[in-house]
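Chemist: I'd like to ask you about the structure that follows.
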Amino acid sequence: MLILPGHTEFTIHHIPDDVWIIIFENIESPAQVAILARTCNRFKSLAARPLLNHVRWLKAEPTKRNLQAWTGVYQNVLALPRKLTLGIPLDFNTSRHLEEYMNTPDAKFHDEIFKQIPKFTSIRELVFDGTVLSPFTYITIALIPTLRSLTISNCKFSRLPTLFGDYPNYKATNDVSTPFSFPYATLPITHFSLHKNEITTESAYNSAHPLNIVTAPNLTSLSMTWTVGLQTNYAPKRWVLPSLEDLEVFMPLLSRDLVDSLVSFAANCPLVPRIKLSIERHNLSDQQLSAVQFPLRGVWNYNGPLPIASFHSDRPRLENQLTHVMMNEALTLSPLVDGLEKLPEGLRELEVLVRKWDVELLFAIRKLFPRIQKLLIRYGRGVFPADFFVTLGADILPDLPHLHTFKIIQDLACVPTTRSLASMLQIPPPNVNNGFPGAPAVTGPIAFPFEEIDTDPPCTASPDAPALEEGDLRDYLIGWNRYCKNLRCVQLNKEVVWERRFAGDKWVESVVEVPVPKDFIVRGVFQS
């Protein structure tokens, strides 16, 4: 209880309901909201909406209890859920006959789940992650007119055309060999996400493939992992997507076929969508990589090997839409600068990886990207020269007036390994150019990034390197404010970051939580 001026008592009961609802909605953990809901009847009522807003069916036993609640105590609030996540790994072996599952507990459980889903009258987002889907899933989705966002990831697929309980009658009245047909054009979704699913060869060539969902007429946003399976399913159809505005693509392994098919996919989008592209890995040498042509229009955000980041070599640097670039493999200084010179002048955010530190990299960035707002440099070896901070203040930062975030961090992941990735993964060497004509073929060991041996000795602190106390760096930061007024975040080592919220605020030092290091080779492998 608080005593306000004038001796007015102010208790918890004076706080309006809408304030408590906002508080509950901003608590990330549903378990914490549930604890608060049990403290009093008022909180139980107010917390109902945040608690039931997102239905999570991730484990079998809690889900079974929750299903019972929706037919009991929650039967009058079926309009509250806005999002449903299903992540129960039901045991349906897609290569066996469906009749073998008819009377199993998982079959009955499946039917209970999919009977309940369309009863939620206000669901706007459905997430299927790590479960089993089927053609009947599409029929269920079509029964939810409020649905706007659909995610299918890490799922397996079954041939089930109806509920298990209805399958005997379905089989008796229908020809099960007839290709599945579904009116995808009736789906009301505007966003679709499709990633890392296991789809059998049989379903990959018929109309039940989930990629068909992209033909939903109101689809404006699409996120997908572009694989050989998706490319194979797309090739004979080549749909036109008239409403697509935003496209996010993850490419596990760079290949000519995937590049060509993705370019074709984007070309069939009349609105020229804004594209966010990530290339996980490749098996090309630097020479082969530089010969890759990737004429993909609309890319604004790119994460991958730098040599192919220009996308529109025929367009002036001022006209390119690319504003965000993140490298995922380190280069030496010369090819790194060559790659940066091909990027558009209007770049806003840049993350580069260089094998050995060289201040010339900063001079190149200053010249090439005068409007850059966020710069992160990771380097493997080397130390800052003795006059480094003076150089920053005199020659670099004054020419970057829009810079907001400035980080230079040593990262041993940028140091080339002494063994090739291929030998560690026991991958046989190819003798082709991975489908890219004009690129020289690999005749020796497979050319993975970081396969070269770094012969430089490990670098420790140079006797001439600057050793700054906390007060010294704070003085530099205050000086940099005079001509770099937008600067808000500075980090020059892995342990400490300096930040301020607004111009004129004092710089505050905080410790960076360093994540548990993982083997760099393992981090570079795409998990399919």
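Chemist: Scan L277, L258 and give me the residue that is over 20 Å from L336 (Cα atoms) and among the aliphatic types (A, V, I, L, M).
Modeler: L258
Chemist: Cβ contacts < 6 Å: first residue under 16 Å from L331 (Cβ atoms), restricted to the range 352-377; second residue among the aromatic types (F, W, Y), any location; separation 6+ or different chain. Result?
Modeler: Taking only residues 6 or more apart or on different chains, the pairs are V354/Y379; W357/Y379.
Chemist: Let me ask you something else. Any idea which residue in the range 87-118 is farthest from L67 (Cα to Cα), counting only those that are over 31 Å from the mean Cα position of the chain (by Cα) and among the aliphatic types (A, V, I, L, M)?
Modeler: L98
Residues checked against (1) surrounded by fewer than 19 Cβ atoms within 10 Å (Cβ to Cβ); (2) within 28 Å of the chain's Cα centre (by Cα); (3) at negative phi:
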site: F120; (1), (2), (3): no, no, yes
site: A142; (1), (2), (3): yes, yes, yes
site: N154; (1), (2), (3): yes, yes, no
site: P168; (1), (2), (3): yes, no, yes
site: P188; (1), (2), (3): yes, yes, yes
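Chemist: Related question: Does E248 qualify as being of a type in the set (D, E) and farther than 22 Å from F92 by Cβ?
Modeler: yes
Chemist: Further, regarding this structure: Counting only residues that are surrounded by 13 or more Cβ atoms within 10 Å (Cβ to Cβ), among the aliphatic types (A, V, I, L, M) and at pLDDT 90 or above, how many does the range 471-511 have?
Modeler: Of the residues in the range 471-511, 6 are surrounded by 13 or more Cβ atoms within 10 Å (Cβ to Cβ), among the aliphatic types (A, V, I, L, M) and at pLDDT 90 or above.
Chemist: Would you mind finding the one in P316, P344, P270 that is surrounded by fewer than 19 Cβ atoms within 10 Å (Cβ to Cβ) and at pLDDT below 95?
Modeler: Within the list P316, P344, P270, the selection yields P316.
Chemist: Considering only the range 360-409, state which residues are of a type in the set (S, T, N, Q) and at pLDDT below 95.
Modeler: Correct list: T391 only.
Chemist: Still on this structure, please answer the following. Filter the range 151-198 for residues that are of a type in the set (V, I, T), closer than 22 Å to L219 by Cα and either at pLDDT 95 or above or not in a helix (DSSP H, G or I) (or both) and give the result.
Modeler: Across the range 151-198, the qualifying residues are T151, I152, I189, T190.
Chemist: Hey, can you tell me all the residues within the range 104-133 that are among the small types (G, A, S) and either under 19 Å from H54 (Cβ atoms) or without any contact (Cβ under 8 Å) to a residue 40 or more places away in the chain (or both)?
Modeler: Within the range 104-133, S122, G130 qualify.
Chemist: Quickly run through the range 203-223 and pick out the residues that are touching a helix residue (DSSP H, G or I) at 6+ places or on another chain (Cβ under 7 Å) and closer than 27 Å to P305 by Cβ.
Modeler: Correct list: L211, L222.
Chemist: Considering G298, G339, which residue is of a type in the set (G, A, S), on the phi > 0 side of the Ramachandran plot and either touching a Pro at 6+ places or on another chain (Cβ under 6 Å) or crowded, with 17+ Cβ neighbours inside 10 Å (or both)?
Modeler: Going through G298, G339 in turn, the sole match is G298.
Chemist: Quick one: which helices (runs of 4 or more DSSP H) sit completely within the range 4-116 and have at least 2 residues that are surrounded by 10 or more Cβ atoms within 10 Å (Cβ to Cβ), modelled with pLDDT of 90 or more and in contact with a helix residue (DSSP H, G or I) (Cβ under 9 Å, 6 or more places away or on another chain)?
Modeler: Where helices (runs of 4 or more DSSP H) fall fully within the range 4-116 and carry at least 2 residues being surrounded by 10 or more Cβ atoms within 10 Å (Cβ to Cβ), modelled with pLDDT of 90 or more and in contact with a helix residue (DSSP H, G or I) (Cβ under 9 Å, 6 or more places away or on another chain), they are 60-70, 105-116.
Chemist: Is there any pair linking a residue in the range 205-216 that is within 15 Å of V228 (Cα to Cα) to one that is hydrophobic (A, V, I, L, M, F, W, C) and at pLDDT 90 or above, with Cβ under 7 Å and at least six apart or on different chains, and which?
Modeler: P210/I152; P210/L194; L211/L194; L211/L230
Chemist: Here's something else I'd like to know. Checking the condition at pLDDT 95 or above, surrounded by fewer than 19 Cβ atoms within 10 Å (Cβ to Cβ), part of a loop (DSSP other than H, G, I, E, B) and polar (S, T, N, Q), which residue from N218, N206 passes?
Modeler: None of the others qualify; the one that does is N218.
Chemist: Can you tell me which condition A235 does not meet? The list is (1) surrounded by 16 or more Cβ atoms within 10 Å (Cβ to Cβ); (2) out of contact with any Pro (no Cβ under 9 Å at 6 or more places or on another chain), and all the others hold.
Modeler: All conditions are met except number (1).
Chemist: Let me ask something else. Among the residues in the range 348-359, are any within 19 Å of Q491 (Cβ to Cβ), in contact with a Phe, Trp or Tyr (Cβ under 6 Å, 6 or more places away or on another chain) and either part of a loop (DSSP other than H, G, I, E, B) or not hydrophobic (A, V, I, L, M, F, W, C) (or both)?
Modeler: There is at least one residue in the range 348-359 that is within 19 Å of Q491 (Cβ to Cβ), in contact with a Phe, Trp or Tyr (Cβ under 6 Å, 6 or more places away or on another chain) and either part of a loop (DSSP other than H, G, I, E, B) or not hydrophobic (A, V, I, L, M, F, W, C) (or both).
Chemist: Also, I was wondering about something else. Got a number for residues in the range 398-414 being in a helix (DSSP H, G or I) and in contact with a strand residue (DSSP E or B) (Cβ under 8 Å, 6 or more places away or on another chain)?
Modeler: 3
Chemist: Can you tell me which residue in the range 248-262 is nearest to the chain's Cα centre (by Cα), limited to those that are within 14 Å of F311 (Cβ to Cβ) and modelled with pLDDT of 95 or more?
Modeler: Top of the filtered list is V249.
Chemist: In this structure, does F363 turn out to be part of a loop (DSSP other than H, G, I, E, B) and out of contact with any Pro (no Cβ under 9 Å at 6 or more places or on another chain)?
Modeler: no
Chemist: On to the next question. Is there a residue in the range 359-367 that is among the charged types (D, E, K, R) and crowded, with 17+ Cβ neighbours inside 10 Å?
Modeler: yes
Chemist: Among the residues of the range 283-290, is any at pLDDT below 90, under 21 Å from the mean Cα position of the chain (by Cα) and not β-branched (V, I, T)?
Modeler: no
The values are calculated or read from the model by the stated rules, or taken from the named source; none is laboratory data. Bear in mind that the values here come from a model prediction, so they are computed numbers and not experimental data. Cβ coordinates were reconstructed from backbone atoms using ideal geometry, including for glycine residues, and neighbour counts include every protein chain displayed.
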